[in-house]
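> I have a structure I would like to understand better, so I am pasting it below and will then ask my questions one at a time.
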Amino acid sequence: MILSDKNILKEIEAGTILIEPFRKECLGSNSYDVHLGRHLATYKDRVLDAREHNKIETFEIPIEGFVLQPGTLYLGVTAEYTETHKHVPFLEGKSSTGRLGIDIHATAGKGDVGFCNTWTLEISCAQPVRVYAGMPIGQLIYFVVEGEIDKMYNEKKDAKYSKRTVKPVESMMWKNKF
């Protein structure tokens, strides 16, 4: 079951969902619009290695915007910090974003119960497109969890993406044993 706008507001009031900054005009009938933060990043190396710590270069989006290029993976970040203590958050692109040929995630659209952070976006594009800090980029949808949670994401010692940040975070695949 997906939370409605009224239920999202109830959960915010109850403290089980936190969105900072929260703007009521960003609340849809069953989602909340999130915005592109000020920072983007690209990987330093063209060839990435899943067993290595691939370093990124982070930069601020200028006032005049930044032109994304096809064939490059950009890591972005939401302007909003979120916490979800009772529901499963999903991040999806907005239809207006998709109609510009922008994908905001390759595979990581689902958060875990207990995820407390900004969202790193895995941005790619079909053709060159100029983006701006603060533009609407996606929407959060909240699903009800069936059953009790044994250990929330923010309580796991091995959680790779729990350090609070306002910048994109590179892949931590290299921390896995394989």
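Values quoted throughout were computed directly from the atomic coordinates according to the rules given, and no laboratory measurement underlies them. In this text, all values refer to a predicted model and were calculated from it rather than measured experimentally. Glycine also receives a Cβ, built like all others from the backbone with ideal geometry; neighbour counts cover every protein chain displayed.
> Just tell me which lysines come within less than 27 Å, Cα to Cα, of Lys157; anything on the same chain fewer than 8 places away is out.
Lys55, Lys86, Lys110, Lys167, Lys175, Lys177
> In the chain, once you exclude exposed GluC sites (Glu not before Pro) (DSSP loop, at most 16 other Cβ within 10 angstrom), what's the longest stretch remaining? Write down the numbers at each step before the final one.
Details: sites that count: Glu52, Glu64, Glu146, Glu148.
Answer - 65-145.
> Could I ask something else about it? Between Gly93, Gly101, Gly37, find the one with the highest GNM mean-square fluctuation for the chain; connect C-alpha pairs within less than 10 Å.
Among Gly93, Gly101, Gly37, the largest GNM mean-square fluctuation belongs to Gly101.
> Next up: Please report the net charge: other residues with Cβ closer than 15 Å to the Cβ of Asp33, K and R +1, D and E -1.
Numbers: positive: Arg23, Lys24, Lys94; negative: Asp5, Glu20, Glu25, Glu80, Glu92.
Once positives and negatives cancel, what remains is -2.
> Here's a follow-up. Can you give the charge dipole size of the chain about its Cα centre, rounded to the nearest 20 debye, using +1 on the beta carbon of Lys and Arg and -1 on the beta carbon of Asp and Glu? Intermediate values should be presented prior to the final figure.
On the way: 23 positive and 24 negative charges, 66 e Å.
Rounded to the nearest 20 debye, it is 320 debye.
> Within 10 Å of each candidate Cβ there may be at most 11 other Cβ atoms; applying that plus a DSSP loop requirement, which trypsin sites (Lys or Arg not before Pro) in the range 39-108 survive?
Answer in residue order: Lys44, Arg46, Arg51, Lys55, Arg99.
> Roughly speaking, what is the centre-to-centre gap between the range 159-178 and the range 1-57 when only Cα atoms are used, to the nearest Å?
15 Å
> Which residue fluctuates the most in the chain, going by a Gaussian network model with Cα springs under 10 Å, if the choices are Val34, Val113, Val47?
Maximum fluctuation in the GNM of the chain, among the listed residues, is at Val47.
> Multiplying the sequence separation of Val88 and Glu146 by 0.36 nm and subtracting their Cα-Cα distance, what value in nm do you get? Working shown, then result.
Details: separation 58, 0.36 × 58 = 20.88 nm, distance 1.02 nm.
Gain on stretching Val88 to Glu146: 19.9 nm.
> Over 30 Å between C-alpha atoms is what I'm after, so list which of Lys10/Lys156; Lys24/Lys44; Lys6/Lys151; Lys44/Lys151 land there.
On the way: Lys10/Lys156 27 Å; Lys24/Lys44 38 Å; Lys6/Lys151 28 Å; Lys44/Lys151 35 Å.
Over 30 Å apart, Cα to Cα: Lys24/Lys44; Lys44/Lys151.
> What number comes out for the charge environment of Ser162, summing +1 per Lys or Arg and -1 per Asp or Glu over other residues with Cβ under 13 Å away? Please report the intermediate quantities before stating the final value.
Numbers: positive: Lys151, Lys156, Lys157, Lys160, Lys163, Arg164, Lys175; negative: Glu83, Asp112, Glu155, Asp158.
Within the 13 Å Cβ shell, the charges total +3.
> Then there is this: Do the sum for the chain: with -39,500 (n - 2.57) for every DSSP H run of n ≥ 4, divided by all residues, what is the mean residue ellipticity at 222 nm, to the nearest 500 deg cm²/dmol? Numbers along the way, then the final one.
Numbers: 2 runs with 14 residues, N = 178.
Helix-only estimate at 222 nm: -2000 deg cm²/dmol.
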